[in-house]
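S.K.: Here it is, the structure in full.
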Amino acid sequence: MIRTPHILIVGGGYAGFYAAWHLEKRLKRSEASVSILDPRPYMTYQPFLPEVVAGSIEARHVAVSLRRHLRRTTVLSGRATSIDHGSRSVHAQMNDGREVTLSYDLIVVTAGAVTRTLPVPGIAEVALGLKHVEEAVAIRDTFLTALDRAAALPEGPERTRALTVTFVGGGFAGAEGFGELLSLSRAALKRYPEISPDELSFHLVEASERILPEVSTKTGAWVVRSLERRGARVHLRTTVTSAVGGEVVLSSGERFESDLIVWTAGTAANPVVSQRTDLPVNQRGLLIVRPDLRVGSDERPVVGAWAAGDAAAVPDLTRTASPPYLYTVPNAQHAVRQGKRLARNITKTLRGSATRPYRHRSLGAVATLGLGTGVFEAGPVALKGFLGWLIHRGYQVLAIPTWERKIRVASVWFAALFLGRDIVSLTSVQHPRHEFVTGGRLELDPPEWDTRNVA
Ligand SMILES: Cc1cc2nc3c(=O)[nH]c(=O)nc-3n(C[C@H](O)[C@H](O)[C@H](O)COP(=O)(O)OP(=O)(O)OC[C@H]3O[C@@H](n4cnc5c(N)ncnc54)[C@H](O)[C@@H]3O)c2cc1C
């Protein structure tokens, strides 16, 4: 009996989800079986996280269920801890705690990147990232809770600190998250007569001389001016040197206390790729792939391994600049298309035909900077402000996979047109047993009603 090959996809984000989805569409059951391994049961639509921060999109709506949309793929809930291609096996820690070894015939590595944290004192203890749904929700809730607290505080350092927000890093995640939170703050303050808008202090700290490197310098400069017009401070050519206890110290010497610090200063290679595999990686810890997304180089090809998205250094064939091998930028536009190309090429390989290289000329960039403000740039065309924002929304709602998600997101936007946005913090969901255990008794401090301390 001929055994059907088993394809194991490590990482069910953009590239992994699209690879699995398109393998399902192309391959017959008799040609291969497909499994996807990810600790999360969903693909996160990251470009919508800034709007989750602002409350313009429901948190659940940016999570595309793997089980619902991948009907013929086996979904495995766990995290790869190492990939041993020599023995065609992945060691994984499943979500229920079991350590397992998964064997495969073909591997697809799409584990993405992780937030890059630099050894800045205090950051690991106090900052939040913005790459996952729970982080977006936490940023929103922390800010709204701080408004509630500040409203009851007298003037003074504690109140100033509660009303101070710091974002570190001005890429997509930082600039968009910052702009959206700024927009939420203006909307929310209409319901807080106790707080004057002048009391809010928003800082965006960026080490380089510009923000949003995905758009032209001119458009990037417009974004800075637009944020500053809205009352924010953008610190260019500046780094955060310390954030111990929430006291932010900048390389310019300026220091201030900030209750909410968001770290979005870039991404780093996923450790399972950079440190825990025998597959070839470059100096940055990214998988070396050929233009058709097979792992290895023409000189040292690796059989049976494929990679795409932020975890891989994919040659950008549309570039003519030297050095000859420049890589596609790590973004969703490429990850989606690489996932699809990878599925087509695996299908071709299994059927004995030639693969095709990945080639995609960037469509441009869109970014939101808050409700009604954004940018769209493609080649020489740059639309800023309301039009840019409209294009951002139009593009992103069409780009989120499946009609079911598009309709959910669009219906929340539509409702908000008439009903405005929600401004409540749901921080209390972190402690669902509080009311049940304390029964309203004030003498019980958090450690006493925390689940770990209640028999
Ligand atoms: C806030 C924000 C806004 C953005 N906005 C834009 C935008 O407007 N336009 C744009 O083009 N790009 C944008 N990006 C970038 C874009 O989202 C990423 O480039 C894209 O998600 C990369 O896709 P990926 O599949 O490589 O990785 P991801 O989508 O990150 O998926 C990786 C998956 O691997 C899983 N995983 C990680 N480690 C393991 C492991 N050890 N074992 C198993 N699974 C693992 C993760 O849980 C995740 O599901 C944004 C990113 C952020 C954070």
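Coordinate-derived values only; no laboratory data. Keep in mind it's a predicted model, so treat the numbers as computed, not measured. In this analysis, Cβ positions are derived from the backbone assuming ideal geometry, glycine residues included, and neighbour counts consider all displayed protein chains.
S.K.: What do you get for trypsin sites (Lys or Arg not before Pro) in segment 20-61 restricted to DSSP loop and a cutoff of at most 11 other Cβ within 10 Å of the site's Cβ?
M.R.: Lys28, Arg29
S.K.: Where both partners of a DSSP beta bridge lie in segment 217-374, what percent of those bridges are antiparallel, to the nearest 5?
M.R.: Around 85 percent antiparallel, to the nearest 5.
S.K.: For helix 386-399, report the angle its Cα long axis makes with the longest principal axis of the Cα atoms of the chain; keep it between 0 and 90° and round to the nearest 10°.
M.R.: 40
S.K.: Where does each of Thr239, Thr110, Thr368 land when they are ranked from fewest to most other beta-carbon atoms within 10 angstrom? Numbers along the way, then the final one.
M.R.: Values: Thr239 17, Thr110 32, Thr368 27.
Going from least to most buried by this count: Thr239, Thr368, Thr110.
S.K.: Sticking with this one: Given charges of +1 on the Cβ of Lys and Arg and -1 on the Cβ of Asp and Glu, with all other atoms neutral, how large is the dipole of segment 247-368 about its Cα centre, in debye to the nearest 20?
M.R.: 1040
S.K.: Show which lysines lie in cross-link reach of Lys190 when reach means a straight Cα distance below 24 angstrom and same-chain residues fewer than eight apart are skipped.
M.R.: Cross-link targets: none qualify.
S.K.: Once the dipole of the chain is set up with Lys and Arg at +1 and Asp and Glu at -1 on Cβ about the Cα centre, which of Ala305, Val100, Leu260 lies farthest towards its positive end?
M.R.: Ala305
S.K.: Can you tell me the 0 to 90 degree angle between the C-alpha axis of helix 403-419 and the longest principal axis of the chain, rounded to 10?
M.R.: The angle comes out near 10 degrees.
S.K.: Moving on. Can you find, among Val248, Ser208, Ala113, the residue sitting farthest towards the positive end of the charge dipole of the chain, where Lys and Arg contribute +1 and Asp and Glu -1 at Cβ?
M.R.: Positive-most Cα among the choices belongs to Ala113.
S.K.: Any idea what the dipole of segment 320-436 comes to, in debye rounded to 20, about its Cα centre with Lys/Arg Cβ at +1 and Asp/Glu Cβ at -1?
M.R.: Computed about the Cα centre, the dipole is about 760 debye.
S.K.: What shape does segment 55-214 have by the C-alpha gyration tensor, where a ≥ b ≥ c are the square roots of the eigenvalues, rounded means a/c under 1.5, and otherwise prolate means a/b greater than b/c and oblate the rest?
M.R.: Taking the square roots of the gyration eigenvalues as a ≥ b ≥ c, segment 55-214 is prolate.
S.K.: So, one more: Any idea which of Ala175, Ser362, Ile83 is furthest toward the positive side of the dipole for the chain, if Lys and Arg beta-carbons carry +1 and Asp and Glu beta-carbons -1?
M.R.: Value computed over the given set: Ser362.
S.K.: Amide H of Ala312 versus every other amide H placed in the peptide plane: which residues, excluding those fewer than 5 positions away on the same chain, fall under 5 Å?
M.R.: Leu287
S.K.: Does anyone have the angle between helix 133-152 and the longest principal axis of the chain? Alpha-carbon axes, 0 to 90°, nearest 10?
M.R.: 0
S.K.: Then there's this: Near Lys348, which lysines are there with a Cα under 29 Å away, not counting those fewer than 8 places off in the same chain?
M.R.: Hits, sequence-local ones excluded: Lys25, Lys28, Lys340.
S.K.: Compute the Cα gyration tensor for segment 73-126, then decide on rounded, prolate or oblate, letting a ≥ b ≥ c be the square roots of its eigenvalues: rounded whenever a/c is under 1.5, prolate when a/b is larger than b/c in the other cases, and oblate in all that remain. Kindly include the intermediate steps, with their values, before the conclusion.
M.R.: Working: a/c = 2.65, a/b = 2.03, b/c = 1.30.
In terms of gyration-tensor shape, prolate.
S.K.: So how strong a dipole does the chain carry about its Cα centre when Lys and Arg Cβ are +1 and Asp and Glu Cβ are -1, to the nearest 20 debye?
M.R.: 2500
S.K.: Determine, at each q value in 0.11 (inverse angstroms), the log₁₀ of I(q)/I(0) that the Debye formula gives when each Cα of the chain is one equal point scatterer.
M.R.: Scattering profile of the chain, log10 relative to I(0): -0.95.
S.K.: By a straight-distance test (C-alpha under 18 Å), which aspartates and glutamates pair with Lys218 as possible cross-link partners, with residues fewer than eight away in the same chain excluded?
M.R.: Glu176, Glu206, Glu209, Glu228, Glu377
S.K.: Under 1.5 on a/c is rounded, so check that first for segment 80-160, then, if it is not, pick prolate when a/b is larger than b/c and oblate when it is not; a ≥ b ≥ c are the square roots of the alpha carbon gyration tensor eigenvalues.
M.R.: prolate
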